[in-house]
Amino acid sequence: MQDNEVMINYLLEHGYADAKVASALRKVPRELFVLNAKEAYVDIPLSIGHGQTISAPSMVATMSRVLDVKDGMKILEVGTGSGWQAAILAELVGKKGGVYTIERLGELVEFARRNIEKLRFKNVRIINADGSEGLVKEAPFDRIIVTAAAPEIPEPLVRQLADNGKLLVPVGSKYWQTLILVEKINGKVERRDLMEVLFVPLIGKHAYGEGLE
Ligand code: SAM
C-alpha cells in the first residue's frame, strides 16, 4: 500500500474500518507514528524499539470500530506505544472528549508525546505508570482499551468502567490471545469473546510479571 488513502480503502473494503474510523484515520496518518515512514502503510505490526510494536492497521481499525466511540466520551488506553491508537481515539471523541493513555516505558512516553504533538491534539494525556491498575483518579471511563495482552481481565479496569461502558482487552498466553469485549449494562458485567489476536504482554501488578519481557 503506497499511502494512507490506499490503506484506508483497504480497511474499508475488508470491513475493518467503518466510515467514522476511516475519517479519523485520514486525520491521523500512521507514518507520523513509526520509525521508518516508508514502512507505514503495510498491514503488519512494526517495531517501535524497546521490544514493543505499533499494532497492524487492521487491528487498530477493528478495535477502534468495536469500541463504538462517541463524541465527548472519556477514554482510557493502557499501552500507549507510539501514540497512534490514542491519537485516533482523540479524533473520535472530539474536543469535548478526552483520552488518558498509560505507558510503562519512559522512552515510549517521550516517543508518543513527540508523535502526538505533531498533530496538536489538546485532549490526550500520556501517563507513565502501570496501566493494569487503571487510573482511579480519573475514573469512571466510558471506554477502556488495552493494547497489550493480559493473563486475565484486570479487575481494576472493570471497576473503573462507567455504566453502559465498553472495555476491550486481549487475554491469554504470551503466544496467542482472545480479544474480549466487556460491557457493563445497568451495573451487570457481560463478556464476549471476539477473535484470536497476538499482542505483546501487559507487564504489571494485575498482569504478567517482569520476567515475561
Ligand atoms: N497502542 C499502541 C500504539 O498505538 O502504538 C501499541 C501498543 S504496544 C502493542 C503495547 C504497549 O503496552 C507497549 O508500549 C508496552 O510498553 C505497553 N505496556 C505493557 N505493559 C504495560 C502496563 N502495565 N502499563 C502500561 N503500558 C504497558
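In this view, the solvent-accessible surface of T178, computed with a 1.4 Å probe and all protein chains in place, comes to about 20 Å². Counting only DSSP beta bridges with both residues in the chain, the antiparallel share comes to about 50 percent.
What the Cα atoms of segment 86-172 give is an Rg and a Dmax of 13.0, 36 Å. Modelled label positions at V189 and N128, each set 7 Å beyond Cα in the direction of Cβ, lie 3.1 nm from each other. Short to long, the 5 Å bins of the Cα pair-distance histogram for segment 140-213 hold 4, 19, 28, 22, 17, 8, 2, 0 percent of all pairs. Taking the Cα centroid of segment 127-169 and of segment 21-98, what is the distance between the two, rounded to the nearest whole Å? Taking the Cα centre of each part, segment 127-169 and segment 21-98 sit 17 Å apart.
Taking only the Cα atoms of the chain, the radius of gyration and Dmax are 15.7, 47 Å. State the percent of C-alpha pairs, over all pairs in segment 1-104, separated by a distance greater than 22 angstrom. Beyond 22 Å sits 24 percent of the P(r) for segment 1-104. In this structure, the amide hydrogen of G165, modeled 1.01 Å from its nitrogen in the peptide plane, lies closer than 5 angstrom to those of K184, counting only residues at least 5 positions away or on a different chain. Charge dipole of segment 4-197 (Cα centre as origin; +1 on each Lys and Arg Cβ, -1 on each Asp and Glu Cβ, all else neutral): 620 debye, rounded to the nearest 20.
The values are calculated or read from the model by the stated rules, or taken from the named source; none is laboratory data. Since this is a predicted model, take the numbers as computed values, not measurements. Counting neighbours? That spans all protein chains shown, and the Cβs are built from the backbone with ideal geometry, glycine included. Heavy atoms of the whole protein, side chains included, go into the accessibility calculation; ligands, DNA and RNA do not. Shrake-Rupley method; radii C 1.70, N 1.55, O 1.52, S 1.80 Å.
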